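Data block below; observations after.
The values are calculated or read from the model by the stated rules, or taken from the named source; none is laboratory data. Not measured: the values here are computed from a predicted model. Don't worry about glycine lacking a Cβ; one is built from the backbone with ideal geometry, like all the others, and counts go over all protein chains shown. The area values use the complete protein model at the heavy-atom level, side chains included, leaving out ligands, DNA and RNA. Shrake-Rupley method; radii C 1.70, N 1.55, O 1.52, S 1.80 Å.
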Amino acid sequence: MTTSQETKAAAQLPDETKGWGGRLWATLIVLCSAMFLDALDNAMVGIAVPPIQAELGMTTSAVQWVVSAYVLGFGGFLLLGGRTADLVGRRKLLLVAVSVFAIASLVGGIADNGVTVVVARFVMGVSAAFSAPAGLAIIMTTFPEGAVRNRAVAIYTACGATGFSLGLVAGGLLTEIGWRWTFLLPVPIALAVLVGVSILVGKDAPSDAKRSYDIPGAFSITTAMLLLVFTIVEAPAAGWTSGRTLGGFAGFVVLVIAFVLIERKTAQPLIRLDFLRNPALVGAALVAAAILGTYMSFQFIGSLYLQASRGWSPLEMALGFLPCGILIALIAPRAGGLIGKFGPKWMMFAGFLAYTLAYLSFLRIDADSNYYTTILPTMLLIGVAFPLSFTGAYVQATSGVADAEQGLAAGVLQTGYQVGAALLLAIVTATMAFGQDGGAANTLESYHNGMYVVTGFSVLTLVATLVVALRSRQKATV
């Protein structure tokens, strides 16, 4: 969006109480729809994995890449995607990325073999890695920092959560018809997003500055992130102390060192190294890793417990998770006002207080736990935790960052989410398998073992966010 257009958008909001115009609302909804699309797709395809395996004759190790390939593409390219948005134009990149996402989703829906489905999912992940930071950066530069931006980010959060919740239900319904519909449904939604962005989002401003692309830096950091995510995803199967796993981590370290050396010598680096010395941004990225890492691990365990041990259908499981999504959708739009009152640090602390209570509640599961007394309280607590912590992390990560680097800040934060999810889920999976004959058996012991890890990480994050919030309040009173 051009500077004049950003000023015009901000002029529609001369104070924090004036209502938003219809065009501004429409612009926000379209941008939020891109995140809604990513969340919807992820949830639907996750539920469709068993029928994909059955129809295409994929092995268990092969079919897990239907999910992991997306994580690999998304997590591996986020930093590059964020910086690319700042360099080539956010609107332009968003249009290209969503277009590629739609094509890849269509290809996956008509594929007749597992390899094509996995490749399509990888391309969809890469597309999301470019569209997510571009869309968020447009929001951050359209809405002025403060209460107005907080409100916009809160609505952005609500759309993502709503997409995931509806994706669970839609995935359960569509899987009953045929798994291909979980790939085909996102196509018309992506087309609608393309039309909306084309009409409502202003064209990128032409830049007089000479563009310089740090190809060696981009190659080294992207390869490093791909290697890290791949190593984490494969570690439970290969073994955490295997040569392949240790070699993968060693390769990641070497590539990161090479990236740092390249950035120090490059006149126009991909990422200014001092940009990563921003404690607010790095702290928000670490909290983001804990948010998605603990939740995705909990969802993995909860899905196994309800479907494998309790015999629930995918649709029944989706409806069991639905109260969480409904509560998030109700609370998230109001989170902006809470941030204005308490600040993002206290919001993240409050979120992890609720997360910790939720995971402690789920630890009470047994062979015939009652949904309303054991599982529903967990869902409701997560429904409170997610909008508080998620919105707080977004606001903290992007506050004080120059407009020209909002895409990069969004990329760093999103990288925290994706790498955290991949790393903690891999650790939880390995913990569940420990001591179990034949791997991660569907037993109460394995579920409890995994939830101990999830709860432990939640408690550590709770303590860390409390310490940071107290220090921030102490500095403010000095």
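Note on the range 240-272: among residues that are among the charged types (D, E, K, R) and part of a helix (DSSP H, G or I), the one that is modelled with the highest pLDDT is ARG244. When LYS265 is tested against (1) closer than 30 Å to TYR359 by Cα; (2) surrounded by fewer than 17 Cβ atoms within 10 Å (Cβ to Cβ), just one condition goes unmet, and that condition is (1).
In this structure, does VAL287 turn out to be open to solvent by 40 Å² or more (accessible area, probe 1.4 Å), within 19 Å of the chain's Cα centre (by Cα) and either of a type outside the set (Ser, Thr, Tyr) or closer than 30 Å to ALA402 by Cα (or both)? Criteria not met by VAL287.
Quick check: anything in the range 90-111 modelled with pLDDT under 90 and either open to solvent by less than 20 Å² (accessible area, probe 1.4 Å) or β-branched (Val, Ile, Thr) (or both)? No. For the range 352-365, give me the residue count where each residue is crowded, with 21+ Cβ neighbours inside 10 Å and part of a loop (DSSP other than H, G, I, E, B). Number satisfying all stated conditions: 1.
Within this structure, PHE300 fails the test of being out of contact with any Ser or Thr (no Cβ under 9 Å at 6 or more places or on another chain) and under 24 Å from PHE457 (Cβ atoms). Just one of the listed residues (LEU306, LEU276, LEU322, LEU338) is more than 19 Å from the chain's Cα centre (by Cα), farther than 23 Å from VAL401 by Cβ and part of a helix (DSSP H, G or I), namely LEU306. One residue alone among SER369, SER446, SER361, SER399 is of a type in the set (Ser, Thr, Tyr) and under 27 Å from ARG471 (Cα atoms), and that residue is SER399.
Take the conditions within 19 Å of the chain's Cα centre (by Cα) and either surrounded by 14 or more Cβ atoms within 10 Å (Cβ to Cβ) or not in a helix (DSSP H, G or I) (or both) and apply them to TYR295. Does it pass? Here the answer is yes, as TYR295 does meet what is asked. Screening ASP368 on (1) crowded, with 16+ Cβ neighbours inside 10 Å; (2) at pLDDT 85 or above shows it passes everything except condition (1). When PRO144 is tested against (1) open to solvent by 30 Å² or more (accessible area, probe 1.4 Å); (2) in a helix (DSSP H, G or I); (3) under 28 Å from VAL201 (Cα atoms), only condition (2) is not met. Candidates in the range 34-80 are the residues that are open to solvent by less than 20 Å² (accessible area, probe 1.4 Å) and among the aromatic types (Phe, Trp, Tyr); of these, the one that is nearest to VAL201 (Cα to Cα) is PHE74.
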